[in-house]
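K.L.:
Would you mind keeping the following structure in view while I ask a few things?
The values are calculated or read from the model by the stated rules, or taken from the named source; none is laboratory data. The structure displayed is predicted, hence computed values, not measured ones. Using ideal geometry, Cβ is built from the backbone for each residue, glycine included, and neighbour counts are taken over all protein chains shown. Surface accessibility is based on the protein's heavy atoms, side chains included, excluding ligands, DNA and RNA. Shrake-Rupley method; radii C 1.70, N 1.55, O 1.52, S 1.80 Å.
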Amino acid sequence: MEHTFKSHFSKRDKLSKIFNRDKYLWMMILFPLIYYIVFKYIPMYGLIISFENFSPYRGILKGPWVGFKYFIEFFNSTFFWRLMRNTFLLNVYSIIFGFPAPIILALIVNGITAKFYKKSVQTISYLPHFVSTVVVVGMVVNFLSPTTGLINHVLSFFGQKPINFMIMPRWFRTIYIASGIWQEVGWSSIIYLAALSGVDSGLYEAAKVDGANKIQQTIFITLPSILPTIIIMLILRMGNMLSVGAEKVLLMYNPLTYEVADVINTYVYRIGIGNSEFSYGSAVGLFQSAINFILVASVNKISKKVSEISLW
Amino acid sequence: MKIKLSLEDRIYNIINIILATLVLCITLYPFLYVIVASLSSPESVNSGSVWLFPIGINLNAYNVVLKDKQIWSGYFNTIWYTLIGTVINLIMTTLAAYPLSRRTFNGRRIIMPIIAFTMFFGGGMIPTYILIKNLGMLDSRWVMVIPGAISTWNLIIMRSFFENIPESLHEAAIIDGANDLYILVRIVVPLSKPVMAVMTLFYAVGHWNSFFDALLYLNSSQLYPLQMILRKVLIQFDNMEQMKAIGTFEDRESIGQTVRYATIIVSTLPILLVYPFLQKYFASGVMIGAIKG
C-alpha cells in the first residue's frame, strides 16, 4: 500500500541506493557473468544451426532453414539404434557392476579394525583416480597387447592362445567397465565412508549386547543406515543415462570395435568436427542434451518425492 | 569393557582383511608392473618373464624417453596450462562465489539460476567449437585455460564455504568502513584456506590430465599438452623420434614396450610424488563437496 504514495523519483532513488551499496559485488561478478554468457549461453544460442543448413562463412542466422531435417535424418540413419544401444548398454552395465563396487569397498574398509591399515587401504584405493584417462587406457592397451602384454603372458602360461582384446568387439564393454571400476572405485567410496562414519555407534553396542555377530550387524545396522545415501547416488546416476563421456571411448575404440563402442558423443565428434558436418552434428548433440535434461528433471522430481532431496 | 570376539566375528575380520588386501594388490600391481617393466631389458619383458622384480636391469628406455623433445615440450605446455589455468580458475571462481554468498546481494536471485542452469543444459560440442573458432581461439594457448575458467560445481562448493563464515565478521568490517572488495581480500580469502587448497588441487589435477580440449582445439603439435603426446606414444603406438634412429624394425618393436612403460612413469611421476602429501586434502575436498552438494 505504502509505495503507491511514493513518487516515481523516490523509487528510482531507492534502487540506485541499493545498487550503490552492492556496487563492488556487481563489479566482482561482472567477469564471471560475461564468462557464463559467452561460453555457456552463446553455444546454446548456437544450437539454432541444428535447424538450418549452416555454413561457417554465412554465420549463424543466415543459413537456409531446414526445420527438423537433420533430426529426421539422424532418427532414420542406421547409426541411431546402434548409438542408442551402445550408450544405453554401457550405462546399464556400469550401473550393474560399477555402482555396487564402491559400496562394497566402503563396507570392507569400514570393517577393518586396525586403524593404520584402514587408512592405507583407503588412501591407496583412490590413487588411480588421479592418473589421467590417457595413461589408464595406455596401461590397458599395453597390458592387453597380444604379443608383449602381461595378460596374454598369463594366458599363455595357462596354455591359452593369445587374444587380441582391443580389436574384439565382444571384449570392449568388459574392458571399458572393468578399467573404470579400477580407476574410480576408491574415489567413489569416499561418500559412503562419510555416511558410515555418521552411524551411531550406540546401535552397534546394543546389537553386540543382543548377541549379533558382525555379519548380522552389517545387514541390520550398517546397510540400512547408509541406504538413503545409496538411493540418492543411484537416482543421480540414473539421470546421466544418455551421456557417456567421449574421452575414454575415443581413446579406446578403433574402426573394428565401432559397432559396440561408438556412443552419441563420439559420433558427434567424428561427424561434427571430423567431417565438418556442423548442423547434423549439432542436431545429434541437441537430441542428447534434451533427453539428458528431461532425465535429470524427472529424476529430480522423483528424488524430491522419495527423499525430499532435490537439485533445485 | 571388552567383549570377547566370537569365532564368527574372527572369521569375518579375517575375510575382511583378506578382501582389503586383495583390493590393495589389484590397485597397486599395475603400477608396480609398469615400474618393474620399465627398468627391465626389452627381451625379458617381451617374453613375459618379468612380473615382480626387474630382470636384466637397464635404463635404455628412460634414455629414449628423456631425450625425446616432444615429451619435454609436452611437459612444458602442461605446466603452463596448469599454472595459468589454475590461477584463472581460482580468481574467477572466487569472484563469482563471493557475491553469490552474500545474502543481501540483490543480484543473487537473478544470477544464481542463470549459472545453475548451465549444469543441466548446454550447447554441446559443435556450437561450442564454432564459438571458439569465431573467437579466433583455435590453436592458441588460451583455448586451454579460458573456456573452462569456472567449474559450476566448484563454484557452488566455494559459495557454500563462504556462506558459513560468520556474518558478524562482515558487520564489524562494514562498521569499520570496509567495502566488499576489502572484506573479500582481507577477511574472506584468508579464512578460506581449506577450500582454496581443495579448489587449487581439483583445478590443477584437471588441467594436468586434460586431453579432450587439446584434441578438439589444438592443431600445432608444439602446443600439445603432455596427454596428447602420451596418447600418441601409448595408444597409437607412434614411435618417438629417438626410436626412429634405432636400427631395424625388429629392434624398434622390441624396445617399444619398455619405452612405453618408461613413458608412463616419466609422465605420472609428478602426481605419484606429490600424492602422499596431498591426499588428505583430496579426501576433505570430496567431503566438502559431498556434504554441501
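K.L.:
Given a 1.4 Å probe, show me the residues in the stretch B:253-284 buried by at least 50 Å² of accessible surface when comparing the whole protein assembly to the chain alone.
P.N.:
Residues of the stretch B:253-284 that lose at least 50 Å² of accessible area once the other chains are added: B:Gln257, B:Tyr275.
K.L.:
Sorted from largest to smallest, which semi-axis lengths in Å does the alpha carbon gyration tensor of the stretch A:37-82 give for its equivalent ellipsoid, taking the root of 5 times each eigenvalue? Mind showing how you got there, number by number?
P.N.:
Details: eigenvalues 107, 43, 13 Å².
Each semi-axis is the square root of five times an eigenvalue, giving 23, 15, 8 Å.
K.L.:
For the stretch A:224-258 and the stretch A:46-125, write down the distance between their C-alpha centroids in whole Å.
P.N.:
The stretch A:224-258 and the stretch A:46-125 have Cα centres separated by 6 Å.
K.L.:
Another question about this same structure. At 1.4 Å probe size, with the rest of the protein present, what percent of the exposed accessible area of chain A is carbon and sulfur atoms? Numbers along the way, then the final one.
P.N.:
Numbers: 10980 of 16180 Å².
The C+S portion of the solvent-accessible surface of chain A is 68 percent.
K.L.:
Further, regarding this structure: For the stretch A:65-121, what is the convex hull volume of the alpha-carbon atoms per residue, in Å³? Before the final figure, lay out the partial values.
P.N.:
Details: hull volume 6.5 nm³, N = 57.
Taking only Cα atoms, the stretch A:65-121 has a hull volume of 114 Å³ per residue.
K.L.:
So, one more: At 1.306 mPa s and 10 °C, plugging the Kirkwood radius over alpha-carbon pairs of the stretch B:128-187 into Stokes-Einstein gives what diffusion coefficient in µm²/s?
P.N.:
Values: Rh = 14.7 Å.
Stokes-Einstein gives a translational diffusion coefficient of 108 µm²/s.
K.L.:
What ranking, highest mean first, results for peptides A:40-49, B:123-132, A:212-221 when packing means the other Cβ atoms within 10 Å averaged over each residue? Could the numbers behind the result be given before it?
P.N.:
Details: A:40-49: 19.8, B:123-132: 23.5, A:212-221: 15.7.
The densest-packed peptide leads the list: B:123-132, A:40-49, A:212-221.
K.L.:
Among B:Val274, B:Val64, B:Val143, whose mean-square fluctuation peaks in a Gaussian network model of chain B (Cα, cutoff 10 Å)?
P.N.:
Judging by the Gaussian network model, the answer is B:Val274.
K.L.:
For the stretch B:1-82, report the % of Cα-Cα distances exceeding 15 Å. Write out the running numbers ahead of the final one.
P.N.:
Details: 2426 of 3321 pairs.
So the portion of pairs separated by more than 15 Å is 73 percent.
K.L.:
Return an integer: the convex hull volume of the alpha-carbon atoms of chain B, in Å³ per residue. If you can, show how the numbers build up before the last one.
P.N.:
Values: hull volume 64.5 nm³, N = 293.
In chain B, the Cα convex hull volume per residue is 220 Å³.
K.L.:
From the P(r) of the protein assembly as shown, can you give the percent of Cα pairs sitting at distances over 40 Å?
P.N.:
Working: 66370 of 182710 pairs.
Counting every Cα pair in the protein assembly as shown, those more than 40 Å apart make up 36 percent.
K.L.:
Would you grab the residues whose amide H sits under 5 Å from the one on A:Glu52? Only those 5+ places off in sequence or on another chain, please, with H modelled 1.01 Å from N.
P.N.:
A:Val66
K.L.:
How big is the convex hull of the Cα atoms of chain A, per residue, in Å³? Don't skip to the end; give the middle numbers.
P.N.:
On the way: hull volume 84.6 nm³, N = 312.
Hull volume over Cα atoms, normalised by residue count, gives 271 Å³.
K.L.:
Semi-axes of the stretch B:101-243's equivalent ellipsoid from the Cα gyration tensor, sqrt of 5 times each eigenvalue, largest first, rounded to whole Å?
P.N.:
Over the Cα atoms of the stretch B:101-243, the semi-axes work out to 40, 19, 13 Å.
K.L.:
Tell me, Kirkwood radius of the stretch B:1-147 from alpha-carbon pair distances, in Å? Mind dumping the intermediate values first?
P.N.:
Working: mean 1/r = 0.0450 Å⁻¹.
Every distinct Cα pair counted, the radius reaches 22.2 Å.
K.L.:
Also: Take every residue in peptide A:139-148, count the Cβ atoms of other chains within 10 Å of its Cβ, and give the average of those counts. Provide the component values of the computation, followed by the final result.
P.N.:
Values: counts 9, 3, 5, 12, 4, 0, 5, 0, 3, 12.
The shielding value for this peptide is 5.
K.L.:
Let me ask another. P(r) tail for the stretch A:152-207, what percent of Cα pairs lie past 12 Å? Numbers along the way, then the final one.
P.N.:
Numbers: 1191 of 1540 pairs.
Percentage above 12 Å: 77.
K.L.:
Let me ask another. Please report the buried accessible area for the interface of A with B, total over both chains, probe 1.4 Å, in Å² to the nearest 100. Don't skip to the end; give the middle numbers.
P.N.:
Values: alone 20370 and 18060 Å², together 30190 Å².
Buried area between the two chains comes out at roughly 8200 Å².
K.L.:
To continue, here is another question. With r defined as the distance between the Cβ atoms of B:Ala116 and B:Ser6 and R0 fixed at 45 Å, what FRET efficiency is calculated, to the nearest 0.05? If you can, show how the numbers build up before the last one.
P.N.:
Working: r = 52 Å, r/R0 = 1.15.
The value I calculate is 0.30.
K.L.:
Run the helix sum for the protein assembly as shown: -39,500 (n - 2.57) per DSSP H stretch of 4+ residues, divided by residue count, reported at 222 nm to the nearest 500 deg cm²/dmol. Provide the component values of the computation, followed by the final result.
P.N.:
Numbers: 31 runs with 403 residues, N = 605.
Mean residue ellipticity, 222 nm, calculated: -21000 deg cm²/dmol.
K.L.:
Which of these, B:Ser40, B:Ser210, B:Ser220, has the largest mean-square fluctuation under a Gaussian network model of chain B (Cα springs below 10 Å)?
P.N.:
The residue that fluctuates most here is B:Ser220.
K.L.:
Would you mind giving the average projected area, over all directions, of the Cα convex hull of the stretch A:216-312 in nm² with one decimal? All intermediate terms of the calculation are to be shown ahead of the outcome.
P.N.:
Details: hull surface 36.1 nm².
Seen from a random direction, the Cα hull of the stretch A:216-312 projects 9.0 nm² on average.
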